[in-house]
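Colleague: Structure provided below as structure tokens; questions to follow.
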Amino acid sequence: MSKDKFIIAKRNFKSRLIVGTGKYKNMKECARAINLSGAEIVTVAVRRVNIVDKKKPLLMDFIDPKKITYLPNTAGCFNSKDALRTLRLAREIGGWKLVKLEVLGDKKNLFPEMIETLKSTEILTKEGFQVMVYCNDDPLMAKRLENSGACAIMPLAAPIGSGLGILNQVNIKIIRNQTKLPLIIDAGLGQASDATIAMELGCDGVLVNTAIAKAKKPFDMALAFKNAVVAGRQSYLAGRINKLIMGEPSSPKKGII
Amino acid sequence: MKKKIKIKIKINGKIKNVDKNSKLSNIIKNFKIPLKKVAIELNEEIVDKKKLNKISLKTNDKIEIVHFIGGG
């Protein structure tokens, strides 16, 4: 396992679990959950500074960007123009080039708007960004994103925040088999075992936010996801047995009395 | 005493009255914003944080100051 590397845009990571920093009760809880999850990459959103309440705590005071890789996202963007503006601002804050692109198309189901996503991926790549792309679980679209310069393909398991788990395992498997890019399940996981399934399908990592932040015990769930990702990866690398439709005894048939 | 002329600008969606010819650097300083942790836009153009003291504000200028917050 020690030689099993998780590489995104030529950067090496030990943990295959990426976590979001939204929806926590407060930043202290968020920081502790991240710590327990073992995640080395966290997604962050770009928003207006509160100029009225100057004492409001800053995320960077709780999660040190020198120790944890910040992955700025474009959450809340519904077109390419807004997504590009957001990520250019994110880069300006401190040179962030590794980013998560997420262009949404529908306010209710939060499914990605893939035409705008594709357009944005091309432009951002040309501007020198390393773009990890949130997308639907369509193998054809995943291929087009890869051809447009994406550095990681991040299909949804289910709608963002839904907790439904991986709805289309076959598509994820097809995407896995067609790409050498890091494949990361992003959005829709509900419990730790969902992460194990993603890893057993051959995904390189998972991105989780709500399932940890909104669990009854976020710290315990952070730990559960950490272990689930490790277990799933180990299981994938170990190679599962073939499925049979009939039983095969585990004890030898020879020597039965 | 000569009265200072005020102009209206918008910062993060809120209208503010500031002295005419105020420098952007002074506005940022007044809000006690840690420069290293933010990015600044003036009329939808990103501003080089090193050049804030060279930018004089005009009526109806729109300033956006953003930072990172928790998100998925």
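Colleague: Can you pull the mean other chain C-beta count within 10 Å for peptide A:40-52?
Modeller: 6
Colleague: Which of the peptides A:246-256, A:224-234, B:57-67, B:24-34 is most tightly packed, and how do the rest follow, judged by the mean count of other Cβ atoms within 10 Å per residue?
Modeller: A:224-234, B:57-67, B:24-34, A:246-256
Colleague: With +1 assigned to the C-beta of every Lys and Arg and -1 to the C-beta of every Asp and Glu, and no other charges, what is the dipole magnitude of chain A about the Cα centre in debye, to the nearest 20?
Modeller: Roughly 580 debye for chain A.
Colleague: Calculate the dipole size of the range A:66-125 relative to its Cα centre from +1 charges on Lys and Arg beta carbons and -1 charges on Asp and Glu beta carbons; express the result in debye to the nearest 20.
Modeller: That gives a dipole near 320 debye.
Colleague: Give me a single rounded figure for B:31-41: the average over its residues of other chain Cβ atoms within 10 Å of their Cβ.
Modeller: Average per residue, whole number: 5.
Colleague: Next up: What's the average, rounded to a whole number, of partner chain beta-carbon atoms within 10 Å of each residue's beta-carbon in A:83-93?
Modeller: The mean count of partner-chain Cβ atoms within 10 Å per residue comes to 4.
Colleague: How do A:Arg11, A:Arg240 rank when sorted from fewest to most other Cβ atoms within 10 Å of their own Cβ?
Modeller: Listed from fewest to most nearby Cβ atoms, that is A:Arg240, A:Arg11.
Colleague: Let me ask something else. In sequence order, what are the phi-derived ³J(HN,Hα) couplings for the range A:166-175 according to the Karplus relation 6.51 cos²θ - 1.76 cosθ + 1.60 with θ = phi - 60°, rounded to whole Hz, with x for glycine and proline?
Modeller: Rounded to whole hertz, the list is 6, 7, 10, 5, 5, 4, 4, 5, 5, 5.
Colleague: Of the DSSP beta bridges with both residues in the protein assembly as shown, give the percent that are antiparallel, rounding to the nearest 5.
Modeller: 45 percent
Colleague: Then there's this: In whole Å, what is the distance between the alpha-carbon centres of the range A:189-247 and the range A:1-70?
Modeller: Cα centroid of the range A:189-247 versus Cα centroid of the range A:1-70: 20 Å apart.
Colleague: Something else now. Over chain A, what is the relative contact order in whole percent, taking alpha-carbon pairs under 8 Å and six or more residues apart?
Modeller: For chain A, the relative contact order is 18 percent.
Colleague: Order the peptides A:173-183, A:42-52, A:60-70 from the highest to the lowest mean number of other Cβ atoms within 10 Å of their residues.
Modeller: Packing order, densest peptide first, comes out as A:42-52, A:173-183, A:60-70.
Colleague: About its Cα centre, what dipole magnitude does the range A:36-143 give when the only charges are +1 on Lys and Arg Cβ and -1 on Asp and Glu Cβ, stated in debye to the nearest 20?
Modeller: About 460 debye.
Colleague: Here's a follow-up. If you wrap a convex hull around the alpha carbons of chain A, what volume per residue comes out, as a whole number of Å³?
Modeller: Per-residue hull volume (Cα only) is 160 Å³.
Colleague: Further question on the same structure: Using +1 at the Cβ of each Lys and Arg and -1 at the Cβ of each Asp and Glu in the range A:11-238, identify which of A:Ile160, A:Phe13, A:Leu58 lies farthest towards the dipole's positive end.
Modeller: Of the listed residues, the answer is A:Leu58.
Colleague: Could I ask something else about it? With a cut-off of 8 Å between alpha carbons and a minimum separation of six or more residues, what is the relative contact order of the range A:1-148 in percent?
Modeller: About 16 percent, as a whole number.
Colleague: So how tilted is helix A:218-238 from the main axis of chain A? Cα-based, degrees 0 to 90, rounded to 10.
Modeller: Result, in degrees: 50.
Taken together, the values in this text are just the output of simple stated rules run on the coordinates, not laboratory data. Small disclaimer: the values here were computed from a predicted structure and weren't measured. Here the Cβ is made from the backbone with ideal geometry for all residues, glycine too, and neighbour counts use every protein chain on show.
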